[in-house]
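As structure tokens, the structure follows; a few thoughts come after it.
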Amino acid sequence: MTDRQPSPTPKHHDAPDSVRLVNLTPHPVRLISGDGTALTELPSSPAPARRTESTEPEPPLIAKGITVPVVRLSFGPVENLPPPTPGTAYVVSRLVAEAYPDRDDLFVPALLVRDADGVTTGCRALARGTANR
């Protein structure tokens, strides 16, 4: 086997055996197993980590006789994000994770589970990183 071939057992960034999961989103995060069993639910944060945003007016759109306001949206710094803490993993929004691509303690809900109406009811995994491929 060469160094470029994947190993039979994936390595997970030297992760400790157990970490404390902290939800820094304004919504509860329910982790669901492959068979649909709820594994755990992380309560929503009373002070979620958020990217600040600002808007600038743009020319409106006219659609079917309706004037639709348009703004240019810009994102600024993140509020309420604690510094990395050993043994702690933070569940954050994609916008927050994208603001800190070098932090390996930030995760976003992935493999979303939806009900019959399309409403997200949980996730089957947490994702690290949000890089485009």
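Of note:
- Identity of the residue in the stretch 72-98, in contact with a strand residue (DSSP E or B) (Cβ under 7 Å, 6 or more places away or on another chain) and open to solvent by 60 Å² or more (accessible area, probe 1.4 Å), that ends up nearest to Val29 (Cα to Cα): Arg94
- All positions within the stretch 99-120 that are open to solvent by 50 Å² or more (accessible area, probe 1.4 Å) and over 23 Å from Leu73 (Cα atoms): Asp102, Asp104, Leu111, Leu112, Arg114, Asp115, Ala116, Asp117, Val119, Thr120
- The number of residues in the stretch 41-54 being surrounded by 11 or more Cβ atoms within 10 Å (Cβ to Cβ) and of a type in the set (Ser, Thr, Tyr) comes to 2.
- Here Pro69 meets each of (1) part of a strand (DSSP E or B); (2) open to solvent by less than 60 Å² (accessible area, probe 1.4 Å) with one exception, condition (2).
- Of residues in the stretch 9-26 being modelled with pLDDT of 95 or more and part of a loop (DSSP other than H, G, I, E, B), the one most open to solvent (accessible area, probe 1.4 Å): Pro26
- Residue check for Ala38: of a type outside the set (Val, Ile, Thr) and open to solvent by less than 30 Å² (accessible area, probe 1.4 Å): no
The values are calculated or read from the model by the stated rules, or taken from the named source; none is laboratory data. Quantities reported herein were computed from a predicted structural model and do not represent experimental measurements. Cβ atoms come from the backbone with ideal geometry, glycine included; neighbour counts cover every protein chain shown. With ligands, DNA and RNA removed, areas are computed over all heavy atoms of the protein, side chains included. Shrake-Rupley method; radii C 1.70, N 1.55, O 1.52, S 1.80 Å.
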